[in-house]
Amino acid sequence: MVAGNWKMNKTCAQAAALAEELVKGYRGEGAEVAVCPPFTALKCVKEALEGSSIRLGAQNVYHEDDGAFTGEVSVPMLKDLGVELVIVGHSERRQIFGEGDALVNKKVTKVLKSGLTPILCVGETLEERETGKTEEVVRRQTIEGLKGLSEREIGRTVIAYEPIWAIGTGRSATADDANGIIGYIREILEKIAGKETADTIRILYGGSVKPANAASLLGQPHIDGALVGGASLKADEFLGIISTIPERR
Ligand code: 13P
């Protein structure tokens, strides 16, 4: 899977124009492709994606259906717009907006129970990496994020390993390193959801993925795709990343 996280970028018209370029350029090769525009552009992008196999995702959601939650958006609202995937627990939500594992778990649970696909993001800060805490952090975020879910539900989740020091910095993890941590996430999943789920669940890498480094990252045995930020805002770069997905996937 290759998913584009457009973050807080693009008005409706700009988002629709980008989606149209992707529809023209994407031949359905190799990967499952999704784009995650901001809430305000979901409707425009859905219209632009009409007839294409590119799926629509959102960048966040609240876990209640409706009520007094000023500024929040619910799963029924997203479903109404044709959203199929939701990014949950992105490091920017965790770091800038103070989302913790308990809230992330509520959101993942809600998304799964509603029949949508969560993309649960995990990843360590530079300080955590430099003090040898990477495994501890991704273990905690994975276990807490998936708490209370059945093996089947866990199997329907997509996980994205996004080391925070690699996001928007131009400094990607090496393919070997990303593969190692994602392999470690599979070991954790095997303990909580069994070997079959651990082997088949999709785990993406995110953090400065570009056409130039995509082939080596996506060619790794444990890496099932990419969650792309900056490079997903330009059609040629995003299509370039998609085109590197090995055919066997
Ligand atoms: P960049 O690709 O811009 O590093 O962002 C990665 C990311 O945060 C995707 O969710």
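The values are calculated or read from the model by the stated rules, or taken from the named source; none is laboratory data. These numbers come from a predicted model, not from an experiment. A quick note on method: Cβ atoms are made from the backbone with ideal geometry, for glycine too, and the neighbour counts reach across all protein chains shown. Accessible surface areas use protein heavy atoms only, side chains included; no ligands, DNA or RNA. Shrake-Rupley method; radii C 1.70, N 1.55, O 1.52, S 1.80 Å.
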Expressed in square angstrom to the nearest 10, the accessible area of Lys133 with a 1.4 Å probe stands at 80 Å²
Cα pairs beyond 21 Å in the stretch 172-246, in percent, come to 28 percent
Per residue, in Å², the accessible surface of the chain once ligands and nucleic acids are set aside, probe 1.4 Å: 44 Å²
Figure the gain on full extension for Glu29 and Leu81 (residue separation times 0.36 nm, minus the Cα-Cα span) and round it to one decimal in nm. 16.2 nm
In whole Å and largest first, what semi-axes does the C-alpha gyration tensor of the chain yield when each eigenvalue is scaled by 5 and square-rooted? 25, 22, 17
D (Stokes-Einstein, µm²/s), Kirkwood Cα radius, the stretch 60-139, 1.567 mPa s at 4 °C: 95 µm²/s
Reported to the nearest 10 Å², Trp165 has, with a 1.4 Å probe, an accessible area equal to 20 Å²
How much accessible area does Val61 have with a 1.4 Å probe, in Å² rounded to the nearest 10? 0 Å²
Of the listed peptides 43-49, 230-236, what is their order by residue-averaged count of other C-beta atoms within 10 Å, with the highest listed first? 43-49, 230-236
Translational D in µm²/s for the stretch 16-164 (Stokes-Einstein at 10 °C, 1.306 mPa s, Kirkwood Rh from C-alpha pairs): 97 µm²/s
The equivalent-ellipsoid semi-axes of the stretch 17-57, taken as the square roots of five times the Cα gyration tensor eigenvalues and listed largest first in whole Å, are 17, 11, 8
Would you kindly state how much longer the chain becomes between Thr169 and Ala17 on full extension, computed as 0.36 nm times their sequence separation minus their alpha carbon distance, in nm to one decimal? 52.1 nm
Could you tell me what percent of the accessible area of the chain is made up of carbon and sulfur, with a 1.4 Å probe and every protein chain present? 50 percent
With 0.36 nm assigned to each residue of separation and the Cα-Cα distance removed, Glu187 to Ala212 gains 6.1 nm
Here the FRET efficiency for Ser53 versus Glu127, based on Cβ atoms and R0 = 41 Å and rounded to 0.05, is 0.50
The Cα extents of the stretch 36-85 along the principal axes, largest first and rounded to whole Å, are 36, 15, 14
Quick one: which residues, 5+ away or cross-chain, put their amide H under 5 Å from the amide H of Thr117? H built at 1.01 Å from N. Leu85, Val86
Taking the Cα centre of the stretch 1-86 as the origin, how large is its charge dipole in debye, to the nearest 20, when only Lys and Arg (+1) and Asp and Glu (-1) carry charge on their Cβ atoms? 320 debye
Give the distance, in whole Å, between the Cα centre of the stretch 1-60 and the Cα centre of the stretch 75-147. 21 Å
Whether the stretch 122-249 is rounded, prolate or oblate, judged on the alpha carbon gyration tensor where a/c under 1.5 counts as rounded: oblate
In what order, largest first, do Ser243, Ser52 sit by accessible area if the probe radius is 1.4 Å? Ser243, Ser52
Whole-number percent relative contact order across the stretch 138-249, with pairs defined as alpha carbons under 8 Å at least 6 apart: 28 percent
Find the percent of Cα-Cα distances in the stretch 1-103 that exceed 24 Å, and round it to a whole number. 24 percent
